[in-house]
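A.B. asks: Got a structure here, written out as structure tokens. Questions coming.
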Amino acid sequence: MKATKLIRKNQFHIWYELFKNSGGRLLANPRLGQDVRVSYEFEDIQKANDFESEYYRLITPIVETRRSLFKRIKLAIGL
């Protein structure tokens, strides 16, 4: 599976470390601009999916919705 992606400059080091450990292959040198443009490939779709899910898991901020919901309920009932 081949892909080209734009990655934020400040998140490229995370992407590259995961990529080195995932068994993918760069097709061209990353191009640095406002974002980093990378072209890469994986042998099978499962490795590519695992890599993408791990990358998005690391860059997505954690949101504690359950905690804030209970806090709002406590404030509403006066506890």
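A.B. asks: Looking only at residues that are among the aromatic types (F, W, Y) and closer than 11 Å to Y40 by Cβ in the range 1-27, which one is surrounded by the fewest Cβ atoms within 10 Å (Cβ to Cβ)? Let's see the steps before the verdict.
C.D. replies: Filtering the range 1-27 for residues among the aromatic types (F, W, Y) gives 12, 15-16, 19.
Now narrow it down to the ones that are closer than 11 Å to Y40 by Cβ: 15-16, 19.
Values: W15: 20, Y16: 15, F19: 18.
Going through the qualifying residues, I end up with Y16.
A.B. asks: Any residue in the range 56-68 that's under 29 Å from K5 (Cβ atoms): show its pairings with residues that are modelled with pLDDT of 65 or more at Cβ separation under 8 Å, as long as the two are six or more apart or on different chains.
C.D. replies: L58/I14; L58/L18; I59/Q11; I59/I14
A.B. asks: Another question, then. Which one is nearest to T60 (Cα to Cα) among residues in the range 15-50 that are touching a residue at least 40 places away in the same chain (Cβ under 8 Å) and out of contact with any strand residue (DSSP E or B) (no Cβ under 9 Å at 6 or more places or on another chain)?
C.D. replies: Restricting to residues being touching a residue at least 40 places away in the same chain (Cβ under 8 Å) and out of contact with any strand residue (DSSP E or B) (no Cβ under 9 Å at 6 or more places or on another chain), the top hit is L18.
The values are calculated or read from the model by the stated rules, or taken from the named source; none is laboratory data. Keep in mind it's a predicted model, so treat the numbers as computed, not measured. Quick reminder, even Gly has a Cβ in these numbers, built from the backbone with ideal geometry, and neighbours come from all protein chains shown.
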